[in-house]
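Notes follow the structure.
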Amino acid sequence: MARTLEHFPNLVTMFFTRAAEGGDAPFLWTKIDGRWTPRSWADTARQIAALATALKENGLRRGDRVVLVSENRPEWLIADIAIMAAGGVTVPAYITNTPRDHAHILGNSGARMAIVSTAKLAATLLPAIIETGRCDALIAMEPPAHRPQGVRICDWDALIAAHPTDVAATAATIDFTREDLACLIYTSGTGGTPRGVRQHHGAVLASAKGAAIIVAEDFGIDEEMFLSFLPLSHAYEHTAGQYLPIMLGGQISYAEGLDKLSANIEEVRPTIMVVVPRLFELLRTRILKQVEKGGGVSRWLFARAVKRDRLLGPLLDVTVRKKVQGRFGGRIKAMVSGGAPLNPEIGQFFQSLGLTLLQGYGQTEAAPIISCNRPRAGIDPSTVGPPLDGVEVRIAEDGEILVRGEIVMHGYWQAEEETARALEGGWLHTGDVGHFDGAGRLVITDRKKDLIVNDKGDNVSPQRVEGMLTMEPEIGQAMVVGDRRPHLVGLIVPDAVWLAEQGAMSPEAIEKAMAAAVERVNRTLSTTEKVRRITMADEPFTTDNGEMTPSLKIRRHILRARYGERLDGLYGK
């Protein structure tokens, strides 16, 4: 398998190059009937070439957008690369999207076609297709439960079978440059409307290569195995969980789901894992619970390992660290955390157990990796490491982190003003505040923008959720929080007019009415936007108490200072 990190002209050529080198060797793995089953590089390439031909014969033209809605599986990769091989632009969409979310993406992107995996996901996508009148065709991997009039539905397997195509001939026709648009990845804006980030081929290639250089220089490239479980519709998994393995000539196994992730890790024995902080928190809790069940000697040895007792180092390597590493398959080189900030204590915990944990930093607008810890620079979990190769980072006068390089997007789709603001002066304005430490590692200290990033790395616009909450007659004002948390919680002020109309009500009755209103809104929100718990504010937000600006925007930092403990307590319920 290839070891050279070439300079490829586009993502499709990179794949076909690796496929020609890989031949009949295994590439993609899925669990079928209880057994991990491989799909070879050659077979994957044949399906991509066939689907690309089918897309073109069904009317896809160069530059046309194709929405892709699917859970992580080999067909996701096949669809993504086939869309680009046909000259199209992939528009990934989350499987948790509501029909309204899909309608926005379909309408804004002007998608000509859509690809969907399951009947369940088709049931959410089809209403949006009908509403917008978009999509000349819907390609379904599994038959939808309903086939509404006016929507041409094509069978995935039938399309591929009907268009056998010579792989080498298809590869020879690929003429895209690194400047050409590869995908539109929608990310929430601070105004609440998701924006399409225009990632060009060069951006994803540069980001993947920067990560590949870290693997090559700090660990060495062998027969790499990745376990894919973060959503491929997220820029982080799209680049680091799909195109990085391809660049390395590695293999990808698709996890059965979060509930089976621990078992899958032991079975697949990955060498590199792309993860989010929440996973480490869950794994740490699980490990500590198992230690508690052990005897006194086991607990004592584990405690010494966590404290990095140097005198007992060799003994702890054999008794504690080897056992922990075994739960991760026994051949992990590194676990790379991204998508949301990692608690330094979590990083130190896993480092003490002999697992290399690297924290990275990035944004969808940077395809998405900007920096990452690496052993040769010294791993400090309180930093996000030095910038990737070829990436420039500077700190503005107000502390904002600015980024320049090929990884930076070409802008937002059909949003010239927002693009101009984000790329002012030729630098990506990240909205994050930070500084470099003495070793040249980037430290993130604050966020200029209000966008919430939960512990799984999903972006949530608080203004959008708050706006929907205050549309309910019972709710006058609302603030939601959830940065680095598993879900959103809310601070609620009852509507004064509604409250007056109700007459005398107990605090319990008021809170029950607020909870019912929130639940109505939740039914229209995606999973990541739902508000799970609420607490009542002591008084309305006003300019007089400093909780609103003169332009009547809520002052989040003031409200967090006042109600922080109460909001934090909601996560313990």
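Could we say that Arg560 is at pLDDT below 95, surrounded by 18 or more Cβ atoms within 10 Å (Cβ to Cβ) and within 30 Å of Glu281 (Cβ to Cβ) here? Walk me through it before giving the result.
Details: at pLDDT below 95: yes; surrounded by 18 or more Cβ atoms within 10 Å (Cβ to Cβ): no; within 30 Å of Glu281 (Cβ to Cβ): yes.
In short, no.
Please state which one of Gln251, Gln290 is at pLDDT below 95, among the polar types (S, T, N, Q) and outside the structural domain of Thr96 (by TED's automatic domain parsing).
On the way: Gln251 fails: at pLDDT below 95.
Matching residue, one of Gln251, Gln290: Gln290.
Against the condition at pLDDT below 95 and either assigned by TED's automatic domain parsing to the domain that holds Thr170 or closer than 23 Å to Thr173 by Cβ (or both), how does Glu71 come out, does it pass? Before the answer, list the steps.
Numbers: at pLDDT below 95: no; either assigned by TED's automatic domain parsing to the domain that holds Thr170 or closer than 23 Å to Thr173 by Cβ (or both): yes.
Against the criterion (at pLDDT below 95 and either assigned by TED's automatic domain parsing to the domain that holds Thr170 or closer than 23 Å to Thr173 by Cβ (or both)), Glu71 does not qualify.
What is the number of the single condition among (1) within 28 Å of Phe226 (Cβ to Cβ); (2) in a helix (DSSP H, G or I) that Leu68 does not meet?
Of everything listed in (1) within 28 Å of Phe226 (Cβ to Cβ); (2) in a helix (DSSP H, G or I), Leu68 misses just condition (2).
Residue by residue through region 195-213, note down the ones that are of a type in the set (A, V, I, L, M) and in contact with a helix residue (DSSP H, G or I) (Cβ under 9 Å, 6 or more places away or on another chain). Please lay out each step first, then the result.
Step one: list which residues in region 195-213 are of a type in the set (A, V, I, L, M), which gives 197, 203-206, 208, 211-213.
Scanning region 195-213 gives Val197, Ala203, Val204, Leu205, Ala208, Ala211, Ala212.
Residues that are among the small types (Gly, Ala, Ser), free of Cβ contacts under 8 Å to residues at least 60 places away in the same chain and part of a loop (DSSP other than H, G, I, E, B): does region 229-237 have at least one? Give the steps one after another, and end with the answer.
Here is the first cut: in region 229-237, the residues among the small types (Gly, Ala, Ser) are 233, 235.
Next, from what is left, pick out any that are free of Cβ contacts under 8 Å to residues at least 60 places away in the same chain: none.
Within region 229-237, not a single residue is among the small types (Gly, Ala, Ser), free of Cβ contacts under 8 Å to residues at least 60 places away in the same chain and part of a loop (DSSP other than H, G, I, E, B).
Only one of (1) part of a loop (DSSP other than H, G, I, E, B); (2) more than 17 Å from Arg269 (Cβ to Cβ) fails for Arg299. Which number is that?
(1)
Name the single residue that is nearest to Tyr361 (Cα to Cα) among those in region 202-251 being of a type in the set (Asp, Glu) and out of contact with any Lys or Arg (no Cβ under 9 Å at 6 or more places or on another chain).
My answer is Glu237.
Kindly indicate whether any position in region 93-110 is touching a Lys or Arg at 6+ places or on another chain (Cβ under 9 Å), in contact (Cβ under 8 Å) with a residue 40 or more places away in the chain and buried (at least 23 other Cβ atoms within 10 Å of the Cβ).
no
Only residues in region 206-220 that are under 12 Å from Leu248 (Cα atoms) count as the first member; pair them with residues that are polar (S, T, N, Q), Cβ under 7 angstrom, at least 6 apart or cross-chain, and list the lot.
Close Cβ pairs satisfying both conditions: Ala208/Thr239.
Rundown of residues vs (1) within 30 Å of Gln463 (Cα to Cα); (2) modelled with pLDDT under 95, yes/no style:
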{"residue": "Thr132", "(1), (2)": "yes, yes"}
{"residue": "Val151", "(1), (2)": "no, yes"}
{"residue": "Ala171", "(1), (2)": "no, no"}
{"residue": "Asp180", "(1), (2)": "no, no"}
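Look through region 426-475, keep the residues that are surrounded by 18 or more Cβ atoms within 10 Å (Cβ to Cβ) and among the basic types (Lys, Arg), and return whichever of them is farthest from the chain's Cα centre (by Cα).
Selected residue: Arg441.
Against the definition (closer than 17 Å to Trp156 by Cα, within 20 Å of the chain's Cα centre (by Cα) and either in a helix (DSSP H, G or I) or free of Cβ contacts under 8 Å to residues at least 40 places away in the same chain (or both)), how does Ala79 come out, yes or no? Please lay out each step first, then the result.
Details: closer than 17 Å to Trp156 by Cα: yes; within 20 Å of the chain's Cα centre (by Cα): yes; either in a helix (DSSP H, G or I) or free of Cβ contacts under 8 Å to residues at least 40 places away in the same chain (or both): yes.
Yes.
Quickly run through region 30-46 and pick out the residues that are surrounded by 22 or more Cβ atoms within 10 Å (Cβ to Cβ) and either out of contact with any strand residue (DSSP E or B) (no Cβ under 8 Å at 6 or more places or on another chain) or assigned to a strand (DSSP E or B) (or both).
Hit for region 30-46 is Ala45, nothing else.
I'm trying to understand the selection: among the residues of region 214-228, which are of a type in the set (Asp, Glu) and either in contact with an Asp or Glu (Cβ under 7 Å, 6 or more places away or on another chain) or outside any loop (DSSP other than H, G, I, E, B) (or both)? I'd like the intermediate steps shown before the answer.
First, the residues of region 214-228 that are of a type in the set (Asp, Glu): 217-218, 222-224.
Glu217, Asp218, listed by residue number.
Results for (1) surrounded by 12 or more Cβ atoms within 10 Å (Cβ to Cβ); (2) basic (Lys, Arg); (3) in contact with a Phe, Trp or Tyr (Cβ under 6 Å, 6 or more places away or on another chain), shown as yes or no for each residue.
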position: Val489; (1), (2), (3): yes, no, no
position: Glu508; (1), (2), (3): no, no, no
position: Glu511; (1), (2), (3): yes, no, no
position: Thr527; (1), (2), (3): yes, no, no
position: Arg533; (1), (2), (3): yes, yes, no
position: Asp544; (1), (2), (3): no, no, no
position: Arg555; (1), (2), (3): yes, yes, no
position: Arg566; (1), (2), (3): yes, yes, no
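Take region 195-231 and flag every residue that is within 30 Å of Glu416 (Cα to Cα) and modelled with pLDDT under 95.
Restricting attention to region 195-231, the residues satisfying the condition of being within 30 Å of Glu416 (Cα to Cα) are 195-210, 231.
Scanning region 195-231 gives Arg195, Pro231.
Look at Ala396 and say whether it is without any contact (Cβ under 8 Å) to a residue 60 or more places away in the chain and either within 26 Å of Arg65 (Cβ to Cβ) or not acidic (Asp, Glu) (or both).
Numbers: without any contact (Cβ under 8 Å) to a residue 60 or more places away in the chain: yes; either within 26 Å of Arg65 (Cβ to Cβ) or not acidic (Asp, Glu) (or both): yes.
Taking the combined requirement at face value, the residue satisfies it.
Quick one: would you say Arg321 is modelled with pLDDT under 80 and outside any helix (DSSP H, G or I)? Walk me through it before giving the result.
Numbers: modelled with pLDDT under 80: yes; outside any helix (DSSP H, G or I): no.
For Arg321, the condition - modelled with pLDDT under 80 and outside any helix (DSSP H, G or I) - is not met.
Mind checking whether some residue in region 545-558 is touching a residue at least 60 places away in the same chain (Cβ under 8 Å), under 29 Å from the mean Cα position of the chain (by Cα) and on the phi < 0 side of the Ramachandran plot?
Our first condition is that a residue be touching a residue at least 60 places away in the same chain (Cβ under 8 Å); within region 545-558, this holds for 554, 556.
Of the ones still in play, those that are also under 29 Å from the mean Cα position of the chain (by Cα) are 554, 556.
Imposing the further condition that a residue be on the phi < 0 side of the Ramachandran plot reduces the set to 554, 556.
Within region 545-558, one or more residues are touching a residue at least 60 places away in the same chain (Cβ under 8 Å), under 29 Å from the mean Cα position of the chain (by Cα) and on the phi < 0 side of the Ramachandran plot.
Conditions (1) assigned to a loop (DSSP other than H, G, I, E, B); (2) at pLDDT 95 or above; (3) touching a strand residue (DSSP E or B) at 6+ places or on another chain (Cβ under 8 Å), marked per residue:
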residue	(1), (2), (3)
Ile370	no, yes, yes
Gly390	yes, yes, no
Ile401	no, yes, yes
Thr419	no, yes, yes
Val433	no, no, yes
Ile444	no, no, yes
Asp455	yes, no, no
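Here's a check for you: in region 379-399, which residue that is buried (at least 18 other Cβ atoms within 10 Å of the Cβ) and within 23 Å of Asp450 (Cα to Cα) is nearest to the chain's Cα centre (by Cα)?
Filtering first and then ranking leaves Val384.
I'm told Ala496 meets every condition in (1) under 16 Å from Asp538 (Cβ atoms); (2) modelled with pLDDT under 90; (3) buried (at least 19 other Cβ atoms within 10 Å of the Cβ) except one. Can you identify the failing condition by its number?
(3)
The values are calculated or read from the model by the stated rules, or taken from the named source; none is laboratory data. Everything quoted here is computed from the prediction, not taken from an experiment. Every residue, glycine as well, gets a Cβ built from its backbone with ideal geometry; the counts of neighbours run over all protein chains shown.
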